[in-house]
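J.: Let me begin by handing over the structure; questions about it come next.
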C-alpha cells in the first residue's frame, strides 16, 4: 500500500512526481523512509545510503536503502526558510522559456539546501503537491497560531554530494504537517514505511511536546523494517496526549529491536548516539 499512499499525496498532479510514480510497480512496494520532526536536518540522506551502511555494518546485518524519503515538520518557518518563494517560483510557475528549461532539466538550475566542504544538497526539481488540511493541536505543539491555512507539501529531486561517496540523487517529499497527524494518516491508509528515523524529536526544543516514543509502538502497524533512533524513547505527557487524540497510535506491538549499527552523537545530533535497529515481530 506504500505506492497507493504516495499516489494519494500526488492527487491529480501531472508533474515530475507523477512521472516517478508511473515507473513504480504495484507489486513491488517502494521503500519509504519517514523522518518526523526533521526540521532542517538532511543527514539521514547520507546515513541511510547503502554505500555508507555497507562500509560500516558488520557482515550478516542486512540493510536495504530507501527508495523515497518523506520528511514532516509542522514548524512553518523551517519550511519557508528551506523553500523560499524566490527560489521555488521558477519551478512552480515558469514565466519564460529559460525558466521552463530550468524546471524541466534536473541538471540545470536549482539551489542548495546545505553545503560545506564534505557534503552538499541541491534541489534539482521542485513541485508542490496538494496541500493537506492538517490539524495542529495545542496539546502536541507550542506554536498553534503559525498558520491556519492548509499545510504545504512539496516533492523534490535532490542531488546529494559527499566527498567520500560522490554524487547520488534522492527523491524526497517534505510535508509541513504535525508528525502525529501524519502518523495517523499513514496507519489509516495502510501505508508501509520501511524506515523510520527518530532523532532529536521535538520535545524539549520549544517546538513539540511529545518525545515521539509512540513511534516504537506502531512499527508493526507500518510494517517497518528499520528503526533509527536516539536514546530518548520514554513516554511523556505529549506522547500520551497524541495517543488520546489519535487512537490509531496506540501500541499493539510485540516487537524485537536488534541493534545493527550506531552513529555517534557528535556525527549526527549531539543528542545521544543514534542506533540502527532491525525490527522483528515476536
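The values are calculated or read from the model by the stated rules, or taken from the named source; none is laboratory data. Computed from a prediction, not measured in an experiment: that's the story for all the values here. Cβ: placed from backbone, ideal geometry, glycine included. Neighbour counts: every protein chain shown.
Every residue, every condition in (1) out of contact with any helix residue (DSSP H, G or I) (no Cβ under 7 Å at 6 or more places or on another chain); (2) assigned to a loop (DSSP other than H, G, I, E, B), yes or no:
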site: 201; (1), (2): yes, yes
site: 210; (1), (2): no, yes
site: 215; (1), (2): yes, no
site: 222; (1), (2): no, yes
site: 233; (1), (2): no, yes
site: 252; (1), (2): yes, yes
site: 261; (1), (2): no, no
site: 266; (1), (2): yes, no
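J.: Can you tell me which residue in segment 102-136 is nearest to the chain's Cα centre (by Cα), limited to those that are modelled with pLDDT under 80 and surrounded by fewer than 19 Cβ atoms within 10 Å (Cβ to Cβ)?
T.: 106
J.: Being without any contact (Cβ under 8 Å) to a residue 12 or more places away in the chain, within 30 Å of residue 133 (Cα to Cα) and more than 20 Å from the chain's Cα centre (by Cα) is the filter here, so list the residues in segment 50-88 that pass it.
T.: Answer for segment 50-88, where residues must be without any contact (Cβ under 8 Å) to a residue 12 or more places away in the chain, within 30 Å of residue 133 (Cα to Cα) and more than 20 Å from the chain's Cα centre (by Cα): 85, 86.
J.: May I pose another question? Among the listed residues 47, 17, which satisfies the condition of being over 20 Å from residue 280 (Cα atoms), buried (at least 20 other Cβ atoms within 10 Å of the Cβ) and in contact (Cβ under 8 Å) with a residue 40 or more places away in the chain?
T.: 17
J.: Out of everything in segment 153-211 that is at positive phi and in contact (Cβ under 8 Å) with a residue 60 or more places away in the chain, what residue ends up being surrounded by the fewest Cβ atoms within 10 Å (Cβ to Cβ)?
T.: 206
J.: Which of the residues belonging to segment 57-68 are within 17 Å of residue 275 (Cβ to Cβ) and surrounded by 14 or more Cβ atoms within 10 Å (Cβ to Cβ)?
T.: 57, 61, 63
J.: Same structure again: Find the residue count for segment 16-48, including only residues that are assigned to a loop (DSSP other than H, G, I, E, B) and under 15 Å from residue 277 (Cα atoms).
T.: Number of matching residues: 1.
J.: Has segment 181-189 got at least one residue that is more than 25 Å from residue 131 (Cα to Cα) and in a loop (DSSP other than H, G, I, E, B)?
T.: No; the residues of segment 181-189 include none that is more than 25 Å from residue 131 (Cα to Cα) and in a loop (DSSP other than H, G, I, E, B).
J.: Residues of segment 212-224 being surrounded by fewer than 20 Cβ atoms within 10 Å (Cβ to Cβ) and either within 17 Å of the chain's Cα centre (by Cα) or closer than 17 Å to residue 140 by Cβ (or both), which ones?
T.: Selection gives 217, 223.
J.: To continue, here is another question. I'm checking my understanding of the structure. Among residues of segment 71-98 that are in a loop (DSSP other than H, G, I, E, B) and crowded, with 19+ Cβ neighbours inside 10 Å, which one is modelled with the highest pLDDT?
T.: Checking each candidate, the answer is 83.
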